[in-house]
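K.L.:
This is the structure I have questions about; it appears just below.
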Amino acid sequence: MTLSAPREGRLISRKLTDYGLSLYAAPAYLDTRPPICTRADMAGHRFIGYIGDLLYAPELDYMQAPDVDIHVTLQSSNLIAQLQATLAGAGLCVLPDFIAARRSGLRRVLPEAVHLDRSLWLVTHADLKPLARIRAVTAMIVEAVKADRAMFTGT
């Protein structure tokens, strides 16, 4: 699975689903910091995000907000580490809604002002597509995503 369709190579891609990302924080963080009522209020807050030099896809570069001075103070190339740091109250973090929704210890911050849309793609090398095991796994993944589409899209 990838975050964008490949543009070169002998690869076959199929869009699995769209999903959203939003800004989240733990109540423990929000209760001890200045309130966040507008995008401008995010300035000065601690952010958790990816290590810029280790981004493997431009779709992961969430911290580009020209209207807000954002400083990422805790960086990790691992989404689960970012999630755990957010749950522990280390700061604000952009997280996939389908992951954050399953955690009771998170609050969405500025849901109308901070929201990103992304897509998940299933990619297979053209030489592997005819193999029965590849077709079986692909079909299983596609069906699983279809069955849980509401989890990804929030509808």
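K.L.:
For region 21-37, does any single residue satisfy the condition of being basic (K, R), more than 30 Å from P6 (Cα to Cα) and surrounded by fewer than 16 Cβ atoms within 10 Å (Cβ to Cβ)?
P.N.:
No - not one qualifying residue is present in region 21-37.
K.L.:
Which condition breaks for L131 when tested against (1) in contact (Cβ under 8 Å) with a residue 40 or more places away in the chain; (2) loosely packed, with under 14 Cβ neighbours inside 10 Å?
P.N.:
Going through (1) in contact (Cβ under 8 Å) with a residue 40 or more places away in the chain; (2) loosely packed, with under 14 Cβ neighbours inside 10 Å one by one, L131 breaks only (1).
K.L.:
Let me ask something else. So D41 clears everything in (1) among the charged types (D, E, K, R); (2) more than 26 Å from F152 (Cα to Cα); (3) surrounded by fewer than 15 Cβ atoms within 10 Å (Cβ to Cβ) except one condition, right? Which one?
P.N.:
So the condition that D41 fails would be (3).
K.L.:
Those residues that are out of contact with any Phe, Trp or Tyr (no Cβ under 7 Å at 6 or more places or on another chain) and surrounded by 15 or more Cβ atoms within 10 Å (Cβ to Cβ), I need them from region 1-11; list them, please.
P.N.:
Once the filter is applied, which keeps residues that are out of contact with any Phe, Trp or Tyr (no Cβ under 7 Å at 6 or more places or on another chain) and surrounded by 15 or more Cβ atoms within 10 Å (Cβ to Cβ), region 1-11 yields only L11.
K.L.:
Here's a follow-up. Can you name every residue in region 122-153 that is over 29 Å from A100 (Cα atoms) and of a type in the set (V, I, T)?
P.N.:
Correct list: I134 only.
K.L.:
For the condition closer than 24 Å to A81 by Cβ and without any contact (Cβ under 8 Å) to a residue 12 or more places away in the chain, what is the one hit in R118, R102?
P.N.:
The match here is R102.
K.L.:
Mind checking which pairs have a first residue in region 141-155 that is farther than 17 Å from H115 by Cα and a second that is surrounded by 13 or more Cβ atoms within 10 Å (Cβ to Cβ) and among the polar types (S, T, N, Q), Cβ under 9 Å, 6 or more apart or different chains?
P.N.:
Close Cβ pairs (under 9 Å, with a partner that is surrounded by 13 or more Cβ atoms within 10 Å (Cβ to Cβ) and among the polar types (S, T, N, Q)) amount to V145/T17; K146/T17; D148/T17; R149/T17.
K.L.:
Let me ask something else about it. Within region 90-108, can one find any residue that is surrounded by 19 or more Cβ atoms within 10 Å (Cβ to Cβ), among the hydroxyl-bearing types (S, T, Y) and under 18 Å from D31 (Cα atoms)? Spell out the reasoning first.
P.N.:
As a first pass, look at region 90-108 and keep what is surrounded by 19 or more Cβ atoms within 10 Å (Cβ to Cβ): 90-95, 97, 100, 106.
Now restrict to residues that are among the hydroxyl-bearing types (S, T, Y): none.
No, the conditions are met nowhere in region 90-108.
K.L.:
Among the helices (runs of 4 or more DSSP H) lying completely within region 1-112, list those that include at least 2 residues that are at pLDDT below 95 and within 30 Å of D127 (Cα to Cα).
P.N.:
none
The values are calculated or read from the model by the stated rules, or taken from the named source; none is laboratory data. No experiment lies behind these values; they were computed from the predicted model shown. In this analysis, Cβ positions are derived from the backbone assuming ideal geometry, glycine residues included, and neighbour counts consider all displayed protein chains.
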